[in-house]
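The values are calculated or read from the model by the stated rules, or taken from the named source; none is laboratory data. Source: prediction; values computed, not measured. Methodologically, a virtual Cβ is constructed for each residue, glycine included, from the backbone with ideal geometry; neighbour enumeration extends over all protein chains shown. The accessibility values were calculated without ligands, DNA or RNA, using every heavy atom of the protein model including side chains. Shrake-Rupley method; radii C 1.70, N 1.55, O 1.52, S 1.80 Å.
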Amino acid sequence: MQKIEAVIQPSKLDAVKDALVEIGVDGMTILEARGHGRQKGHTEVYRGREYSVDLLPKVKLEIVVTDAMVDDAVNAIIAAARTGTIGDGKIFISKIDEAIRIRNDERGEIAL
């Protein structure tokens, strides 16, 4: 099993969710986040005063999939989230040793 964490633009959330559901991803956790990468934020003007927006709004998706589904899930996220501009986001993949369903103590891939 693998955990995929994707940090994407909020405007791309619905497209990414739909793409993941289409390939058979059953569950996901979605978190609102703020951060920046290479773009380092931007400056805006409000009521005549300029101020810096260092932390931009982002959305973080966390999904755990079987090893066989990792490539399909990553490709679905990339296809749905890519705009071709700075700030499209990042995907991180890590190994999951065990998954346990609390309700009935199912373990492993069946718990997903």
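Values computed for the structure shown
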item: Asn75/Asp14 FRET efficiency (R0 22 Å; Cβ-Cβ; nearest 0.05); result: 0.75
item: For Ile96, residues with placed amide H under 5 Å, excluding near neighbours; result: Gln2, Lys3
item: Estimated 222 nm signal from helices in the chain, with DSSP H stretches of n ≥ 4 weighted -39500 (n - 2.57), rounded to 500; result: -6000 deg cm²/dmol
item: Dipole of the chain, positive end: most advanced residue of Asn75, Ile8, Ser52 [Cβ charges, Cα centre]; result: Ser52
item: Of (1) 63, 36, 21; (2) 69, 23, 22; (3) 59, 27, 21, the label for Cα extents along the principal axes in Å derived from the coordinates; result: (3)
item: In Hz, Karplus ³J(HN,Hα) per residue of the range 55-66 (6.51, -1.76, 1.60; θ = phi - 60°; x = Gly, Pro); result: 10, 8, x, 9, 10, 10, 9, 10, 9, 10, 10, 5
item: Whole-number accessible area per residue in Å² for the chain, which is evaluated in the context of all protein chains at 1.4 Å; result: 68
item: Cut-off under 5 Å, modelled amide H: who pairs with Val53 long-range; result: His42, Thr43, Glu44
item: Sulfur and carbon atoms: percent of accessible area, the range 27-112 [1.4 Å]; result: 51
item: For the range 7-106: lysine pairs under 12 Å (alpha-carbon distance), excluding those fewer than 8 apart on one chain; result: 5
item: Among 96-102, 6-12, 69-75, the order from most to least packed when residues are scored by Cβ within 10 Å on average; result: 6-12, 69-75, 96-102
item: Cα-based helix-to-principal-axis angle, 70-81 vs the chain, degrees rounded to 10; result: 30
item: Simple Cβ-charge dipole of the chain, Lys/Arg +1 and Asp/Glu -1, about Cα centre, in debye nearest 20; result: 640
item: Cα-based helix-to-principal-axis angle, 13-22 vs the chain, degrees rounded to 10; result: 20
